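Please read the structure below before turning to the comments.
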Amino acid sequence: MTTTAIEKPVERKLDRKEFNKIYWRSFTLLASFNSERMEGLGFLYAIMPSLKRIWGDDTEEYKEAMHRHIAAFNMTVAPSPFVMGIAIAMEEMAKDDPNFDKSSINAIKVSLMGPLSGIGDTFFWGIFKVLACSLGISFASQGSILGPIILLLTFNIPNFLTRYYGLKIGYNNGNELLTSLQRSGKMKLFTYCAGIVGVASIGCMVASWIGITSPLSFEISGSSIVIQEYLDQICPQLLSLGATLIIYKFLKKKNANIMQIILWIVAIAFVCGCFGIIA
């Protein structure tokens with residue numbers, strides 16, 4: 001009886017030199033931040049050494065992998081290497097197993113963005129930043145040159161350590177977890193659940209960041225009818241959701257022109273704003 005490649009332990013292939021490259025490249029995650037793909041280009045740049053090692057002998061697969069990881073990605077930067085480690089482990093599994101569902105790679109990336117961003121924001125922006133600034137200001141107010149030094153050390157030491165061990169744990173333990181899921185046949189279920197979490201995270205982002213409302217109101221029989229109140233009863237942030245879905249439909253077109261879409265958004269928003277249709 002023969003066994004498939006996925007039933008064998010996946011060989012560790014991420015050596016120290018490659019690990020260091022990815023670790024230092026992870027600091028460029030925000031260097032190319034943009035409204036379309038956010039940190040996607042930085043994510044791709046960080047893991048390109050691994051993608052080249054895994055798929056370098058197959059040009060088409062290499063291109064497909066790069067397109068896969070240039071997709072929109074956005075989360076707190078410090079825990080991002082954890083997701084990079086898991087993504088690399090999954091790419092290796094995809095290389096070893098022709099039947100591996102490659103769409104699950106992005107599904108898991110998206111599903112981890114929300115939870116890890118919540119944890120990262122709490123610790124790095126809610127705790128470490130406040131603590132670092134408090135200590136730094138305390139020393140600086142006394143005229144000590146240690147003020148900025150302590151600020152930088154207090155904030156960046158946890159940042160560097162989180163990146164290092166996040167990448168290490170994500171690759172090593174993530175690989176073992178994914179291999180176990182693949183063996184048990186639960187990968188499809190996990191991917192499906194990850195997709196649900198990802199869509200829910202995107203829904204939260206739409207409601208929190210866009211916030212389109214309508215100030216329109218009418219007088220009927222002496223009663224004031226506020227359009228936004230009725231829209232909220234149907235679905236909170238309904239206008240934001242509708243605008244997002246319409247824009248997404250245009251973006252999905254084969255020859256979508258991003259700049260043209262942006263100009264249309266600006267023009268429509270300007271006209272609607274002038275006539276008091278939306279705010």
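Structure notes:
- On the stretch given as region 103-140, residues that are over 30 Å from residue 68 (Cα atoms), at pLDDT 80 or above and of a type in the set (Gly, Ala, Ser) total 3.
Per-residue answers, yes or no, for (1) without any contact (Cβ under 8 Å) to a residue 24 or more places away in the chain; (2) β-branched (Val, Ile, Thr); (3) in contact with an Asp or Glu (Cβ under 9 Å, 6 or more places away or on another chain):
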site	(1), (2), (3)
20	yes, no, no
34	yes, no, no
44	no, no, no
53	no, no, yes
57	yes, no, no
60	yes, no, no
71	no, no, no
85	no, no, no
89	no, no, yes
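- Selected residue (criterion: farthest from residue 203 (Cα to Cα)) from residues of region 219-267 that are of a type in the set (Asp, Glu) and surrounded by 10 or more Cβ atoms within 10 Å (Cβ to Cβ): 229
- Test result for residue 199, within 30 Å of residue 104 (Cα to Cα), among the hydrophobic types (A, V, I, L, M, F, W, C), under 19 Å from the mean Cα position of the chain (by Cα) and surrounded by 14 or more Cβ atoms within 10 Å (Cβ to Cβ): no
- Taking the criterion of being in contact (Cβ under 8 Å) with a residue 40 or more places away in the chain and of a type in the set (A, V, I, L, M), the residues of region 113-139 that qualify are 113, 116, 119.
- Filter result for residue 119 (of a type in the set (Val, Ile, Thr) and within 30 Å of residue 13 (Cα to Cα)): yes
- Scan of region 251-262 for residues that are part of a helix (DSSP H, G or I) and either farther than 15 Å from residue 35 by Cβ or polar (S, T, N, Q) (or both), ordered by number: 260
The values are calculated or read from the model by the stated rules, or taken from the named source; none is laboratory data. This one's a predicted model, so the numbers in the text were calculated from it and none came from an experiment. Don't worry about glycine lacking a Cβ; one is built from the backbone with ideal geometry, like all the others, and counts go over all protein chains shown.
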